[in-house]
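For reference, the structure discussed in these notes is given below.
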Amino acid sequence: MGKMHNSFWRNTIILAVLFTVIQLLISTGLMDQHLQLNLFLLCINIILAVSLNLITGFTGQFSLGHAGFMAIGAYISAVMTLKLNLPFPLAIVTSAIAAAIVGILVGIPTLRLRGDYLAIATLGLSEIIRIIALNIDYIGGASGLADIPRYVNWPWIFAMTVATVIIIYNFIHSSYGRACIAIREDDIAAEAVGINITRYKILAFTIGAFFAGIAGSLYANYFYFLKPNAFGFMKSIDILVMVVFGGLGSITGSIVGAAALTLLSMALQDLPTIRMILYAILLLAIMLYRPQGLLGNAEISWKLLKKRGDKDATTINRK
């Protein structure tokens with residue numbers, strides 16, 4: 001208990017310092033708009049990657065529909081704040097709940113599928129949502145929806161990112177999370193010992209969709225412009241690459257993957273064609289040489305870093 005207590009306060013202090021430093025940089029103008037945009041995009045990508053990792057990495061369900069859930073959250077939040085003039089806190093909660101409800105409705109029939117069949121079904125869902133958005137004039141149709149109020153600031157996006165990581169971390173380390181991991185390892189054995197695999201698959205899928213809806217709401221009310229093509233097939237692939245690159249089954253891996261690919265996109269934003277080629281090469285290299293990703297299913301922790309430091313010190317002393 002003492003170690004857990006110390007770890008809690010250490011992490012809290014680090015997060016508080018990180019929040020304060022970045023808030024000071026923003027408020028004093030030392031961080032320009034370009035860096036702010038990429039920082040906020042990084043936080044949104046972390047929410048998307050961590051929530052997809054719950055579905056794909058921890059539960060073992062190959063989903064390509066995360067961009068669709070993000071689109072639901074983005075458009076609902078935009079309509080509520082722009083068209084209906086409702087408060088942003090209500091919009092973000094409604095967006096998350098709406099995405100979760102769609103996750104339940106889609107998950108009930110599709111999560112009985114496995115592997116490639118599930119991937120195709122969830123990809124079809126994402127494309128259906130995009131096509132519907134393209135044909136609804138009330139939300140801008142193909143021209144997009146502009147002038148969405150910008151309510152998202154650093155406190156909002158920092159709080160949502162930290163809350164996503166903490167909630168999913170605690171879910172994974174609960175009995176529900178252990179059941180999801182058991183399904184990933186061997187769903188037949190999990191069902192044999194009494195785990196309702198359909199129930200836990202739907203639960204993980206719904207939680208992932210819930211946080212994707214939050215990411216969509218933050219995206220809409222920060223970038224203040226939405227276009228259906230922003231939530232197409234390539235967006236789902238982007239999120240999946242972040243998860244695979246960081247490590248399936250690792251929350252900190254998702255954060256590292258989101259950070260690495262967001263920085264890569266920032267560096268190559270003037271060369272979008274090369275960016276997609278590098279994405280393909282990177283994904284191919286990972287699949288060939290490190291299919292488990294950078295971290296595999298390991299988590300970066302103070303305990304792990306301390307062990308690594310002790311191991312390095314021992315090696316140096318032996319030399």
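Laid out as a table, the results:
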quantity	calculated
Subset of region 140-167 (residues that are of a type in the set (A, V, I, L, M) and either farther than 21 Å from PRO89 by Cβ or surrounded by fewer than 14 Cβ atoms within 10 Å (Cβ to Cβ) (or both))	ALA142, ALA146, ALA159, ALA163, ILE166
Those residues of region 172-208 which are among the small types (Gly, Ala, Ser) and free of Cβ contacts under 8 Å to residues at least 24 places away in the same chain, in sequence order	SER174, SER175, ALA179, ALA182, ALA189, ALA190, ALA192, GLY194
Residue in region 24-35 that is of a type in the set (A, V, I, L, M), surrounded by 22 or more Cβ atoms within 10 Å (Cβ to Cβ) and out of contact with any Cys (no Cβ under 8 Å at 6 or more places or on another chain) present	no
Hits in region 41-61 - residues which are touching an Asp or Glu at 6+ places or on another chain (Cβ under 9 Å) and more than 20 Å from GLY296 (Cβ to Cβ)	ASN45, LEU48
3 or more residues more than 26 Å from LEU263 (Cβ to Cβ): qualifying helices (runs of 4 or more DSSP H) within region 1-107	2-27, 66-78
Close pairs (8 angstrom Cβ cut-off, 6 or more residues apart or separate chains): within 19 Å of LEU54 (Cβ to Cβ) in region 254-274, modelled with pLDDT under 75 and not aliphatic (A, V, I, L, M) anywhere	LEU261/TYR279
Tally of residues being over 19 Å from THR81 (Cα atoms) and modelled with pLDDT of 90 or more across region 136-154	0
Every residue from region 205-225 that is hydrophobic (A, V, I, L, M, F, W, C), more than 13 Å from the chain's Cα centre (by Cα) and either more than 30 Å from GLN33 (Cα to Cα) or crowded, with 24+ Cβ neighbours inside 10 Å (or both)	ALA220
First in region 73-93 and at negative phi and of a type in the set (Phe, Trp, Tyr), second anywhere and outside any helix (DSSP H, G or I) and crowded, with 23+ Cβ neighbours inside 10 Å, Cβ under 7 Å, 6 or more apart	TYR75/LEU226
Residues located in region 59-91, provided they are surrounded by fewer than 24 Cβ atoms within 10 Å (Cβ to Cβ) and aromatic (Phe, Trp, Tyr)	PHE62, PHE88
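The values are calculated or read from the model by the stated rules, or taken from the named source; none is laboratory data. None of these values were measured; they are calculated from a predicted model. Note that we place each Cβ from the backbone using ideal geometry, even for glycine, and neighbour counts take in every protein chain shown.
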